[in-house]
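What follows draws every value from the coordinates through simple rules; no lab data is involved. The structure displayed is predicted, hence computed values, not measured ones. We place every Cβ from the backbone using ideal geometry, glycine too, and count neighbours over all the protein chains shown.
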Amino acid sequence: MRILVLSDRIPPENAGGAEKVAWTFAQGLALRGHDVTVLAATSSAAFTDERSGIPVHHIHARWRPRFTAYWSLYHPGVAAQVAAKLDALRPELVLAFNVHTGLTYHSLTLAKRRGIPVIHHLQDAMTFTYGKLVHFATPEARCPIESEQYRLPPLYNLRTYRLRYNPLRNVVIRRVLGGVDRLTCSSAALRDAIVANGGRAPDVVHPGVDPAALDTTPEHVAALRARLGLDGCRVILVAGRLTPLKGSVQLLRAVQRIFPERPDARLLILTRASPEQQGLTDDTFRDVLPQIVMGGWLEGETLAAAYHLADAVAAPSICLDVFPTVNLEAMAAGKPVVATCFGGSPEAVADGATGHIVQPFDIAALSGSLAALLDDPERAAAMGAAGRGRFAEGFTAQHAAARMDAVCRSTVSGN
């Protein structure tokens, strides 16, 4: 089947979680025998290349971010380029991922006008709000989250986004999505949030990661441990930039409780961002800075080695974190995860078996869960092994591709 994958950005130009998911699905479908082409956007000149045997077409799309609520619906320059690509490539199916920062929602309409079946895979809350879904993530929030907690308060978008607000935006998006053949999404949590805010219920298709990407050797792990000055240390890993929405304040408060009695404990953060950019130099947290290690941006086997040297992986987001692939990467590496109850993490991490699900504002629970894993290596290893088994049973890239392949075939056949 000729499948055209749409994604605003893809790696390596943008290596965010949503972009990695789109590219992993594209690769997985190609490996299952489909003729896959990717259409992405770039703020520079348009270009075409080939990656891992997959043709990739980048069209030029650029506008001022403050006007995204308008241009993400329809942009004449983008529309002309997308239409030309659809006519030239003649796909039998369009599988769209994020289209709200470059390719525009109108790209879905252009495909439907040409009689092409369209699947739109939703990866965030942008179909009904303008950023991360955060209003429900409070110290008082009940966990596990119930669907009504996701519902936006009246006039929330207008009050929150003010001059960026477009009163027709959500109406247009809902109309466009009502015309596509199939909606899918990355987690049941996102599905519940969409439905709670009046959207059409998508089918859940969990993403996966390639288990081979987490393979490494003891020698590589030892070399990275030595390079980062972590010999003899117990390590909590954060695989990405530690921002407020990723639970930076909550995690730093947690390690303030953990570190004083554990001078050999370290918080390893993998990001290009400086400590200043992440707010780590705030006087409030100056006492834990000596035990924080900035690992930089790691890729390939070096990233795998970072997971393998960790004793626990932390993912305490305070927003709807739809389905963090960091959980899957940790599980593939055999490491226990302490993850947020907000979003899709509970769908991957089995609480008490492969890690812990916590209310991230509950600092005692967050710090206690992490400390218990540091203090009991046998328990941590058992949880990590259980996580690896759970990952192998249903969360590999191959499992994800098979799930999406079934959706693609049933959509084209009309079932």
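Assuming charge only on the beta carbon of Lys and Arg (+1) and of Asp and Glu (-1), the dipole of the chain about its Cα centre is about 1700 debye to the nearest 20.
The HN-Hα couplings worked out from phi for region 54-71 by the Karplus form 6.51 cos²θ - 1.76 cosθ + 1.60 (θ = phi - 60°) are 9, x, 10, 10, 9, 9, 7, 8, 8, 8, 5, x, 5, 9, 4, 4, 9, 5 Hz, whole numbers, x standing for Gly and Pro.
Computed over neighbours whose Cβ is under 12 Å from that of Gly344, the net charge equals -3, Lys and Arg +1, Asp and Glu -1. For Lys132, the lysines whose Cα falls under 26 Å of its own Cα, not counting residues fewer than eight places away in the same chain, are Lys20, Lys246. For the chain, the equivalent ellipsoid derived from the alpha-carbon gyration tensor has semi-axes of 37, 24, 20 Å in decreasing order.
Over all other residues within a Cβ to Cβ distance under 12 Å of Thr325, the charged ones net out to -3, with Lys and Arg as +1 and Asp and Glu as -1. Listed by chain and number, the lysines whose C-alpha is less than 16 Å from the C-alpha of Lys112, apart from same-chain residues fewer than 8 away, are Lys85.
Put a plus charge on the Cβ of each Lys and Arg, a minus charge on the Cβ of each Asp and Glu, and nothing anywhere else: the dipole of region 211-394 about its Cα centre is then about 160 debye. In region 211-394, the convex hull through the Cα atoms has an average projected area of 9.1 nm², a quarter of its surface area.
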